Structures are given as structure tokens and as C-alpha cells.
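The values are calculated or read from the model by the stated rules, or taken from the named source; none is laboratory data. Remember, predicted model here, so these are calculated numbers, not experimental data. Positions of Cβ are backbone-derived with ideal geometry, glycine not excepted, and every protein chain shown enters the neighbour counts.
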Ligand SMILES: [Zn+2]
């Protein structure tokens, strides 16, 4: 593995590189683990340093130079005394029960906007059309929520021609503008 890709793996917060291996010519497998000395129980907030067991989960990460990257994360389960049961340690950048890292999803979403067509996105990220579709729209929804604010006091309605197909009428898009905040609503 080259230095910059190695750095990239290490950039995922709190993870340590254990091992890497080639997956044919198309991908790289990276085994990582967390090294914290204790974790906190999500139910009761008690610290625990007693490792109960370990499990390996597979997560798709952003490709490096056209190669797919699969992270194998060794997740520890800690035993919580007050709760009488184990809990799994969280890993930053990897959602619970998720099979793609946050940056993989951000990458797909970014590519949807930059690439000419979604087939290319699918090819580069080696994922299904369904994943591309879902990731893209999930991200739009996230962005939308970030921009949600009360209905503007003063709005403007604008029409723009977006496309002029041959032998057909020009297509228009209507946008609503928030005049007070100078942005598209
Ligand atoms: Zn607990």
C-alpha cells in the first residue's frame, strides 16, 4: 500500500491499521481496530475496560485509485457490570449496523453530482444502482434538514429556462427565493 493511502486509512479517527491485503486486482482489504483502553456503556454510562469478545465487521470505504477498499473492523464488546451484559464499542465515521463508511457515502453522493451519469458512479464505487440512488437521496435529505428554517417573510418566484430540446418547447424551472436571506428556499 502506498503511503498516502495508508495515511488515509489512519485518518479515520481512532482506528489502528492491523493488516492489509490485496483482493485480486480490484481491491484492497484493510483490517483495523480501535485501541482505546476503555469504552462507556451507552445504556448506563459506566466505563468498562473488560473486553468480552471481538467481532469482525466488513464496511465499504472510499476507493483508492480505482481500487475498492473494504475495511474489516475488529469491534470489541465490553462487559458492563451494572447492566449485566456486553455492549459494542462505537467507531467514529461508521454508523451502527452500517455496511458503508460515512466517507464512502459522502463520496457516492459527491460523485452523483460530478459524474456524467450514474452508471459511472456505480462502476467507480462498485455498488448497486440501488445504493447509489439511496445514498444520494439520503444525503440530499440530510442537507435539506440542515437548511430547514422558518418560512421566509418575503419570497420571490423566479422562472428559468433549463433546457431547450430540439423541436420542442423550452423547459422551465420555477424557484422560490427567500429575499431576506438572499438564498433559494
Ligand atoms: Zn451499562
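State whether one or more residues within segment 53-64 are in contact with a strand residue (DSSP E or B) (Cβ under 8 Å, 6 or more places away or on another chain) and over 23 Å from residue 27 (Cα atoms). Yes. Filtered by the rule that a residue be part of a loop (DSSP other than H, G, I, E, B) and either in contact (Cβ under 8 Å) with a residue 24 or more places away in the chain or crowded, with 18+ Cβ neighbours inside 10 Å (or both), segment 51-94 gives 65, 66, 81, 82, 83, 89, 90, 92, 93. Summed over segment 26-50, the residues that are touching a residue at least 24 places away in the same chain (Cβ under 8 Å), more than 15 Å from the ligand (Cβ to nearest atom) and over 22 Å from the mean Cα position of the chain (by Cα) give a count of 1.
Would you say residue 5 is part of a helix (DSSP H, G or I) and either modelled with pLDDT of 95 or more or over 14 Å from residue 94 (Cα atoms) (or both)? The answer is yes for residue 5.
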